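Read the structure below first, then the notes.
The values are calculated or read from the model by the stated rules, or taken from the named source; none is laboratory data. Everything numeric here is computed off the predicted structure, so don't read it as measured data. Virtual Cβ from ideal backbone geometry, glycine too; neighbours counted across all protein chains shown. Protein only, heavy atoms only, side chains kept; ligands, DNA and RNA dropped before computing areas. Shrake-Rupley method; radii C 1.70, N 1.55, O 1.52, S 1.80 Å.
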Amino acid sequence: MRRPTETMVSYLAARTGKSPVQIVRLLELGRVAMAMELITVVKIIEDHSLLPSKEDTIATIQTLIIDQELLDLADEWYSNLSEWRRLRFIDGADVSHVADASAHAYRRGAVPPHDTPDAPPGSDQTTDPPSDD
């Protein structure tokens, strides 16, 4: 198929009643979202991968983002969204030192998730009463 993106824009415009300009804007958001997903994959590979070709894999993904001219825009969105979801307290305390604040959030008195130990976070003690054994 020649020019598949243009064909898709025409198809979606005809099916949705939106203008081709609106469809192109929506597709651009999708491209940025995909680039952010790829940035996340790069970060995971950088931090946790034992792949023998780790650097080559990262370079390939980054080349794809750069070739699509999405690096700056995706980086900007990624940074803005990371800041937006950073945990903030009402008193304005800075928690930027926490890598992923939402993943480490703990509310005092909250019921632990199903299938987790009964011990309070950060302790080696259970809240279960002692047994008579």
Any idea which of Lys54, Lys43 is open to solvent by less than 80 Å² (accessible area, probe 1.4 Å) and more than 27 Å from Glu6 (Cβ to Cβ)? Lys54
Among what's in the range 9-30 and is within 21 Å of the chain's Cα centre (by Cα) and open to solvent by less than 80 Å² (accessible area, probe 1.4 Å), pick the residue that is farthest from Glu76 (Cα to Cα). Leu27
Inter-residue pairs, beta-carbon under 8 Å, first over 21 Å from Glu76 (Cα atoms) and in the range 39-61, second part of a helix (DSSP H, G or I), 6+ apart: Ser49/Thr57; Leu51/Ile45; Leu51/Thr57; Lys54/Ile45; Lys54/Glu46; Thr57/Ile45
Meets criteria (at pLDDT below 95 and out of contact with any helix residue (DSSP H, G or I) (no Cβ under 8 Å at 6 or more places or on another chain)) for Glu28: yes
